[in-house]
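Novice: Quick one: structure below, then a few questions.
The values are calculated or read from the model by the stated rules, or taken from the named source; none is laboratory data. Source: prediction; values computed, not measured. Quick reminder, even Gly has a Cβ in these numbers, built from the backbone with ideal geometry, and neighbours come from all protein chains shown.
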Amino acid sequence: MTISFIGPILLIGAALLTGVLIVLLQPLLRRYALARPNARSSHREPTPQGGGMAVVGATLALTALAVVVSSGLGWTALTALAPLFAATLLLAVVGAVDDIITLEVIPRLLLQGIAVILVVVALPNELRIVSWLPPVLERALLVLGALWFVNLTNFMDGIDWITVAEVVPVSATLGILGLLGVLPASATLIAFALLGATIGFAPFNRPVARLFLGDVGSLPIGLLLAWLLIQLAAAGHLAAALLLPLYYLADATITLLRRLINGERIMQAHRSHFYQRATDNGLTVPQIVARVFATNILLGGLTIGSVLAGSRLVEIAALAIGSVLVAVLLVGFSRKPA
């Protein structure tokens, strides 16, 4: 079966399986994985977390099945994905433990680093993004970049539906690019599976959420997205790989730098992200996620258009336009509505 045929089926199957798994897991999550409000929280009542178990489980299980039955892929391709799947499961376990007992910063970062290194080391030797960089330096930068993306995905998962508003447009864009032949077939299937699983999670996380993703979901989702973006960059579209997740990159990175400059403890719970400041400035959660979703749709459209144009100049111009869009969003979040 071809990717164009399997992709939509995979999307629907992942959405349905995620919903079923969440229904089955909810009694367990209510008992053992309640998220209680803290300095970072936007919710006021204890709420079950750990919905990411279903999202990640459905994504990996159905991707594996789809790879095996796909024409031209099969068991060899699944074996090639084994390091990514193993690293994703490792981060899911780390996140699950952290959701329940809260891990210390150093062991958490160490385990995240091991997962990211496993993924980067497993990349094909011929995979290059910036050809003039020494390969060792490029791989080191990929490790640092992927580790940051894993953490920023976790940091940004702070209000209802915001991860849905990020992952759905990003994974949908990657899936479309895969169908257009820009991404490898296995990456395309992962994008569709993640898209479907996130859609399946969305009804349970809609404001006011009955279930949170939890670190068990945000950490491995960050790794899967980082790997997909590496595939896009390796296909000759580095600017597009930066453009597509630009809102998350900008909000998290600017917030981190601002806290460092102010001498604040960067690993301490806080409400300094732009989307969190927006809630303090009077915007409702639906208003915030609608703005994030709309911006990500525009970034996705710019990404597809720039990639299809086949011009590095067009990709850079699209990145510049996307930067303006994200800047407008961040400034809007920083100000009280008139």
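Novice: Confirm whether LEU219 is touching a Gly at 6+ places or on another chain (Cβ under 6 Å), within 22 Å of ALA14 (Cβ to Cβ) and buried (at least 24 other Cβ atoms within 10 Å of the Cβ).
Specialist: Numbers: touching a Gly at 6+ places or on another chain (Cβ under 6 Å): yes; within 22 Å of ALA14 (Cβ to Cβ): yes; buried (at least 24 other Cβ atoms within 10 Å of the Cβ): yes.
In short, yes.
Novice: Answer yes or no: is there a residue in the stretch 119-131 that is under 18 Å from the mean Cα position of the chain (by Cα) and assigned to a helix (DSSP H, G or I). I'd like the intermediate steps shown before the answer.
Specialist: Here is the first cut: in the stretch 119-131, the ones under 18 Å from the mean Cα position of the chain (by Cα) are 119-120.
Now narrow it down to the ones that are assigned to a helix (DSSP H, G or I): 119-120.
Taking every residue of the stretch 119-131 in turn, at least one turns out to be under 18 Å from the mean Cα position of the chain (by Cα) and assigned to a helix (DSSP H, G or I).
Novice: Hey, another quick one. Which condition breaks for THR153 when tested against (1) in a helix (DSSP H, G or I); (2) of a type in the set (Val, Ile, Thr); (3) surrounded by fewer than 18 Cβ atoms within 10 Å (Cβ to Cβ)?
Specialist: (3)
Novice: Please go through the stretch 317-338 and give me each residue that is at pLDDT 95 or above and of a type in the set (S, T, N, Q), ordered by number.
Specialist: SER323, the sole residue that qualifies.
Novice: Somewhere in the stretch 216-233, is a residue aliphatic (A, V, I, L, M), more than 20 Å from GLY305 (Cβ to Cβ), touching a strand residue (DSSP E or B) at 6+ places or on another chain (Cβ under 9 Å) and modelled with pLDDT of 95 or more? Lay out the reasoning, then the answer.
Specialist: Initial filter on the stretch 216-233 (aliphatic (A, V, I, L, M)): 216, 219, 221, 223-226, 228-230, 232-233.
Those still in the list that are more than 20 Å from GLY305 (Cβ to Cβ) too: 216, 219, 221, 223-226, 230.
If we keep only those that are touching a strand residue (DSSP E or B) at 6+ places or on another chain (Cβ under 9 Å) too, we end up with 216.
Cutting the leftovers down to modelled with pLDDT of 95 or more gives us 216.
Within the stretch 216-233, one or more residues are aliphatic (A, V, I, L, M), more than 20 Å from GLY305 (Cβ to Cβ), touching a strand residue (DSSP E or B) at 6+ places or on another chain (Cβ under 9 Å) and modelled with pLDDT of 95 or more.
Novice: Taking only pairs six or more apart or across chains, which ones have beta-carbon atoms under 7 Å, a first residue in the stretch 321-338 that is on the phi < 0 side of the Ramachandran plot, and a second residue that is in a helix (DSSP H, G or I) and at pLDDT below 95?
Specialist: Qualifying pairs under 7 Å: LEU330/PHE274; PHE333/PHE274; PHE333/TYR275; PHE333/ARG277; PHE333/ALA278; SER334/PHE274; SER334/ARG277.
Matching residues to (1) touching a helix residue (DSSP H, G or I) at 6+ places or on another chain (Cβ under 6 Å); (2) in contact (Cβ under 8 Å) with a residue 12 or more places away in the chain; (3) aliphatic (A, V, I, L, M):
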position	(1), (2), (3)
GLU126	no, no, no
SER131	no, no, no
PRO134	no, no, no
ARG139	yes, yes, no
ALA146	yes, yes, yes
THR153	yes, yes, no
VAL167	yes, yes, yes
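Novice: Another question, then. Evaluate the following for LEU91: is it more than 20 Å from the chain's Cα centre (by Cα), within 25 Å of ALA252 (Cβ to Cβ) and either part of a helix (DSSP H, G or I) or modelled with pLDDT of 95 or more (or both)?
Specialist: Working: more than 20 Å from the chain's Cα centre (by Cα): no; within 25 Å of ALA252 (Cβ to Cβ): yes; either part of a helix (DSSP H, G or I) or modelled with pLDDT of 95 or more (or both): yes.
Here the answer is no, as LEU91 does not meet what is asked.
Novice: Now for a different question. Could you tell me which of the residues VAL314, VAL289 is surrounded by fewer than 19 Cβ atoms within 10 Å (Cβ to Cβ) and at pLDDT 95 or above? Let's see the steps before the verdict.
Specialist: On the way: VAL289 fails: surrounded by fewer than 19 Cβ atoms within 10 Å (Cβ to Cβ).
After ruling out the rest, the residue left standing is VAL314.
Novice: Separate question: Which condition does ARG206 not pass, out of (1) in contact (Cβ under 8 Å) with a residue 60 or more places away in the chain; (2) more than 21 Å from PHE85 (Cβ to Cβ); (3) not small (Gly, Ala, Ser), if it passes all the others?
Specialist: Of everything listed in (1) in contact (Cβ under 8 Å) with a residue 60 or more places away in the chain; (2) more than 21 Å from PHE85 (Cβ to Cβ); (3) not small (Gly, Ala, Ser), ARG206 misses just condition (1).
Novice: Restricting attention to the stretch 243-268, report how many residues are in a helix (DSSP H, G or I), touching a helix residue (DSSP H, G or I) at 6+ places or on another chain (Cβ under 6 Å) and among the aliphatic types (A, V, I, L, M).
Specialist: So the answer is 4.
Novice: For THR63, only one of the following conditions fails: (1) polar (S, T, N, Q); (2) over 17 Å from the mean Cα position of the chain (by Cα); (3) closer than 22 Å to PRO184 by Cα. What is its number?
Specialist: (2)
Novice: Out of the residues in the stretch 49-71 that are among the small types (Gly, Ala, Ser) and buried (at least 24 other Cβ atoms within 10 Å of the Cβ), which is farthest from ILE22 (Cα to Cα)?
Specialist: From the stretch 49-71, those among the small types (Gly, Ala, Ser) are 50-52, 54, 57-58, 61, 64, 66, 70-71; that's our starting set.
Next, only the ones that are buried (at least 24 other Cβ atoms within 10 Å of the Cβ) stay: 50-52, 54, 58, 66.
Details: GLY50: 9, GLY51: 6, GLY52: 9, ALA54: 6, ALA58: 10, ALA66: 22 Å.
Applying the filter and picking the extreme gives ALA66.
Novice: I'm checking my understanding of the structure. Among residues of the stretch 72-95 that are surrounded by fewer than 16 Cβ atoms within 10 Å (Cβ to Cβ) and of a type in the set (Ser, Thr, Tyr), which one is farthest from SER4 (Cα to Cα)? First the steps, then the outcome.
Specialist: Step one: of the stretch 72-95, the residues surrounded by fewer than 16 Cβ atoms within 10 Å (Cβ to Cβ) are 72, 74-76, 79-80, 82, 86, 89, 93.
From what is left, the residues that are of a type in the set (Ser, Thr, Tyr) are 76, 79.
Values: THR76: 20, THR79: 22 Å.
Filtering first and then ranking leaves THR79.
Novice: Look through the stretch 96-116, keep the residues that are assigned to a helix (DSSP H, G or I) and among the β-branched types (Val, Ile, Thr), and return whichever of them is surrounded by the most Cβ atoms within 10 Å (Cβ to Cβ). Write out each step before concluding.
Specialist: Filtering the stretch 96-116 for residues assigned to a helix (DSSP H, G or I) gives 96-101, 105-116.
Now restrict to residues that are among the β-branched types (Val, Ile, Thr): 97, 100-101, 105-106, 114, 116.
Values: VAL97: 16, ILE100: 16, ILE101: 7, VAL105: 10, ILE106: 9, ILE114: 13, VAL116: 26.
In this case the residue turns out to be VAL116.
Novice: Just checking, how many residues over the stretch 126-144 are surrounded by 15 or more Cβ atoms within 10 Å (Cβ to Cβ) and among the aliphatic types (A, V, I, L, M)? Give the derivation first.
Specialist: Residues of the stretch 126-144 that are surrounded by 15 or more Cβ atoms within 10 Å (Cβ to Cβ), as a first pass: 127-129, 138-139, 142-143.
Cutting the leftovers down to among the aliphatic types (A, V, I, L, M) gives us 127, 129, 142-143.
Residues in the stretch 126-144 being surrounded by 15 or more Cβ atoms within 10 Å (Cβ to Cβ) and among the aliphatic types (A, V, I, L, M): 4 in total.
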